[in-house]
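Everything on this sheet refers to the single structure shown next.
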Amino acid sequence: MSDHVVETRPTAMFELHPRPTKLVPWLKEIWGFREVTGVLARKDFQVRYKRASFGILWAVLLPLLQAIVFVVIFSRVGQFHHTPFNYPAYVLSGVLSWAYFSTTTLSASTSIVDGATLTDKVWFPRSLLVLVPSISNLFSLLTSMVLLIIAMPIVHAHMTWRLLIIVPAILLLVALTVSLGLVTSALHVYFRDVKFIVQAAILVWFYVTPIVYPATALHRLGPWLDFNPMTGVIGLFQFAAAGSYGPMMRSILVSCAVTAVLFVVGLQANRRHDRLFVDRL
């Protein structure tokens with residue numbers, strides 16, 4: 001009888017060290033699991049609109065309906081229809097971009113805890129779960145921007161070179177949303193009240209952001225809105241679509257600075273505590 005040699009492949013092992021992984025190897029590890037992120041994002045998108053007759057249009061129709069209500073009410077009550085810019089396009093661009101931020105932030109803030117059953121079976125960096133709603137909702141955002149451009153002639157808004165500003169506006173919006181999600185998702189692992197704090201914050205945040213009213217309507221309080229990180233982001237969309245006064249440079253700098261700080265803090269929090277999250281889930 002001849003001896004049969006059975007080839008064995010080395011088994012992949014995950015070693016848990018007492019110290020957190022260094023930043024560069026950790027980022028390379030996240031990049032190595034980019035296909036997993038894509039699969040999870042596609043699954044999240046498909047599950048959300050499964051069996052819905054209008055599918056992704058629901059992600060646009062609901063904010064669109066909200067924008068129409070705001071235009072009708074505030075254009076009469078606040079007399080904003082006399083503004084030198086196109087008020088319907090101003091509100092529509094603000095509401096559609098805000099819809100991405102609010103929906104994604106709410107999902108991202110609980111993503112690590114919600115994905116505990118998955119990470120218990122298959123190991124991958126849990127911070128990838130934060131990226132899933134940002135990517136899956138991105139298609140809805142892009143669809144919203146296309147419909148916004150289509151709706152501009154209907155509301156008598158002029159299409160000019162300003163529409164090009166939508167591209168950096170989307171990049172800044174996604175960056176701020178991801179950065180905030182990294183921080184809140186890590187905090188939610190340790191403090192489950194974060195979920196409700198984020199819900200309350202989003203509700204109040206909407207009304208302290210100049211979405212349905214121009215900052216000038218608040219007179220002396222208007223300049224203080226520049227310190228709201230969403231003012232600069234939303235202002236870019238509104239300037240692109242409505243030709244409004246445009247966001248102050250200070251508000252844009254605040255948005256970029258807050259995004260950078262949140263991103264660094266969120267990365268460090270996830271890198272340092274990723275191996276410890278399992279004890280809290």
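The values are calculated or read from the model by the stated rules, or taken from the named source; none is laboratory data. Model, not experiment: these values are computed from the prediction. For neighbour counting, all protein chains shown are included, and Cβ atoms are generated from backbone atoms with ideal geometry for every residue, glycine included. For accessibility, only protein heavy atoms count, side chains too; no ligands or nucleic acids. Shrake-Rupley method; radii C 1.70, N 1.55, O 1.52, S 1.80 Å.
Just so you know, in the range 253-274 the residues that are charged (D, E, K, R) and crowded, with 16+ Cβ neighbours inside 10 Å include one that is nearest to residue 228 (Cα to Cα), and it is 271.
Taking the criterion of being over 30 Å from residue 270 (Cα atoms) and open to solvent by 20 Å² or more (accessible area, probe 1.4 Å), the residues of the range 152-190 that qualify are 153, 154, 155, 156, 158, 159, 160, 161, 162, 163, 164, 165. The C-beta contact set for the range 152-171 (first residue touching a residue at least 12 places away in the same chain (Cβ under 8 Å), second residue surrounded by fewer than 16 Cβ atoms within 10 Å (Cβ to Cβ) and part of a loop (DSSP other than H, G, I, E, B), distance under 8 angstrom, 6+ apart or interchain) comprises 152/158; 152/159. Take residue 93 and tell me if it is in contact (Cβ under 8 Å) with a residue 24 or more places away in the chain, within 26 Å of residue 24 (Cβ to Cβ), open to solvent by less than 10 Å² (accessible area, probe 1.4 Å) and part of a helix (DSSP H, G or I). For residue 93, the condition - in contact (Cβ under 8 Å) with a residue 24 or more places away in the chain, within 26 Å of residue 24 (Cβ to Cβ), open to solvent by less than 10 Å² (accessible area, probe 1.4 Å) and part of a helix (DSSP H, G or I) - is not met.
Looking at the structure I just gave you, is residue 244 hydroxyl-bearing (Ser, Thr, Tyr), closer than 22 Å to residue 167 by Cβ and modelled with pLDDT of 90 or more? Here the answer is no, as residue 244 does not meet what is asked.
Residue by residue, here is whether (1) at pLDDT 85 or above; (2) crowded, with 20+ Cβ neighbours inside 10 Å; (3) of a type in the set (Val, Ile, Thr); (4) closer than 17 Å to residue 214 by Cα holds:
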{"site": "79", "(1), (2), (3), (4)": "no, no, no, yes"}
{"site": "99", "(1), (2), (3), (4)": "yes, yes, no, no"}
{"site": "106", "(1), (2), (3), (4)": "yes, no, no, no"}
{"site": "120", "(1), (2), (3), (4)": "no, no, no, no"}
{"site": "123", "(1), (2), (3), (4)": "no, no, no, no"}
{"site": "127", "(1), (2), (3), (4)": "no, yes, no, no"}
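Within the range 209-238, how many residues are within 18 Å of the chain's Cα centre (by Cα) and closer than 30 Å to residue 127 by Cα? Residues that pass the stated criteria total 11. For the range 252-277, filtering for residues that are of a type in the set (Gly, Ala, Ser) and at pLDDT below 90 leaves 1. For the range 136-146, the criterion of a residue being open to solvent by less than 20 Å² (accessible area, probe 1.4 Å), farther than 18 Å from residue 113 by Cα and not polar (S, T, N, Q) is satisfied by at least one position.
Residue count for the range 191-214, restricted to those that are part of a helix (DSSP H, G or I), open to solvent by less than 70 Å² (accessible area, probe 1.4 Å) and without any contact (Cβ under 8 Å) to a residue 24 or more places away in the chain: 2.
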